[in-house]
1. Per the 1.4 Å probe, what fraction of the accessible area of the stretch 267-411, in percent, lies on carbon and sulfur atoms?
2. Three principal axis extents, largest first, for the C-alpha atoms of the stretch 157-225, in Å?
3. Please work out whether the stretch 109-266 counts as rounded, prolate or oblate from its C-alpha gyration tensor, where a ≥ b ≥ c are the square roots of the eigenvalues and a/c under 1.5 means rounded, while otherwise a/b larger than b/c means prolate and anything else oblate?
4. Under 8 Å for C-alpha pairs, at least 6 residues apart: give me the relative contact order for the stretch 55-200, rounded to a whole percent.
5. Which three extents, in whole angstrom, do the alpha-carbon atoms of the stretch 308-435 cover along their principal axes, largest first?
6. Among the aspartates and glutamates, which fall within straight-line cross-link reach of K77, defined as a Cα-Cα distance under 14 Å, with same-chain neighbours fewer than 8 residues apart omitted?
7. For a quick check: with amide H placed at 1.01 Å from N, whose amide H comes under 5 Å from R446's, ignoring anything fewer than 5 positions away on the same chain?
8. Can you give the accessible area per residue of the chain, in Å², using a 1.4 Å probe?
Amino acid sequence: MSQHPLLADRGFYLGPLFRRGADRHGAVFVTLDRPLDTHPSLGVHLDYRTLADLVEELSGRLWAAGVRPSERVAVHKTDNVDIVLLTCAISRIGAVPALLSPGLSGPVVGQLLERLRQPWLITDRAKLEGSLHGAGTSVRGILSVDDAPGAEPLEQYAGARPPAPVRLDPREPALITHSSGTTGVPKLAVHCPKAMWNRLVPQKAMGLPTRGETAALHMSFAHSRFYHLLGVLLHFGSPLVLITDPEPAAVGPLLARHRPGIVETHPNTFVLWEELADAPGAPLSRVKSYGSTFDAIHPRTVRRLLGASTRRAPWLIQLYGQSETGPVAFRWFTRRSAERADGRRVGIGIPGFTRVRIADAEGRRVPPGTPGRIEARTRGRILTYLGAREQYDRQLDGGWWQMGDLGCMNRLGALRLIDREVDRIDSVHSNLEIEDTLMERLEELREVVVVAGADREPVPVVCVRGEQPLDPERWRAATADLPAMAEPRQWRFEELPMTATWKVKRVEITRMLTGTPRSVRA
């Protein structure tokens, strides 16, 4: 059996991604919803070959600017697909891309740049005048994709000859991403090609049934999951629709034109896209496979998405994991299984690649059905937290990684998520279970989050679709058989503090409700 070229030497390398895809499949189309900031004149209708050329051209600019192998290059710019091209270009010359989400606040970006220890920085005018104001002392040099004052424009190096590709050892640092930061300052996760290979292989196997289908993606370009999925799709030759604006009014017509067979985004975006189920043009009618990662997904949302497809047997695959581990468990939803789905069941370990167990506070495995701490053993684990090795070591228990979640496991190895450890409320068995129940009973809800109040009482924060206030009678009927909670607080969805992958920052909501001062310290 021939070896996939991306997996040579058991390493997954980002530099050659688009070139390998172009060599294998030719000019497969790639559609954007806005032009690249690095090459705005090219418009939004591109292809594999064009993007491969752009990666090589950008690597020539970076080399001419002075970037060299093993140096760290932070990318923090306005959200757009050129983040992906820059990442691959940095990797192609053997430097280490450090991807900082466009949504991070200024103080957090400043701390992460300090931890990166004088990296190069690629950015733009909007960030230099906003979150990066005054960050020049933390970096080796600033390169801008536009005409930002105080930075070297990458455009001045246009036409520079791309150097020969540089290949790092599979065990060397090759990519730096950050954790979600739901409980504080994100941690910098250091990935190597060998661990990334061990994440890619099972995801490639999961992608076999949909090889070649058009794929529509709205995901964080600063998250490692995007690059593994990209590796799978480019290998199988899928046409791509890459989305930066998730609003249904913009996404609906785009999906209706391209009729994707694969759709992947964040669980909270899927809730937003429920309204696409019956939108004009039937944008989800040809979907064969939905992909949901980063977090559990509400059963109501799963049913609406699967019901929108006219394919004979569509499915939704859910991956449970985190930045530090990659996926450690998975499950499939079909139309039939979604009807009786428990949204807290997140699947089983990935055979041959991950193992999952439930442990008590002393690290001892507990019997099936007993709640405890979720731990995972995986070949895809990161090398370390940059600048926080002690914190990394604290999460390891004899090779088992503490996921930070509470859960239980049945005798067949199926994992059920209860809550994040830091979100636990003593009077409630599972915040997440209450939220799923309320989303089922109140279709007008866009989101509901149960957090701890000033006296550790459960406080529901609700977001309703549209501008109508929550109906108190419907709320009382929906919560009559649930644990006692404080009166609901109604917020606009846009007011919820969110991560780059649209995870709700529950700890931050508690701070906002209780008036607790926020700290930007790790």
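The values are calculated or read from the model by the stated rules, or taken from the named source; none is laboratory data. The shown structure was predicted, so the numbers you read here are calculated from the model rather than taken from an experiment. As a convention, Cβ positions derive from the backbone with ideal geometry for all residues, glycine included, and neighbour counts pool all protein chains shown. SASA here: full protein model, heavy atoms, side chains in, ligands and nucleic acids out. Shrake-Rupley method; radii C 1.70, N 1.55, O 1.52, S 1.80 Å.
1. Carbon and sulfur together cover 49 percent of it.
2. 39, 39, 28
3. Numbers: a/c = 1.68, a/b = 1.41, b/c = 1.20.
It comes out prolate by the Cα gyration axes.
4. In percent, rounded to a whole number, it is 27.
5. 51, 35, 27
6. D37, D124, E129, D146, D147
7. Long-range HN contacts for R446: C463, V464, R465.
8. Dividing the accessible area of the chain by its residue count gives 40 Å².
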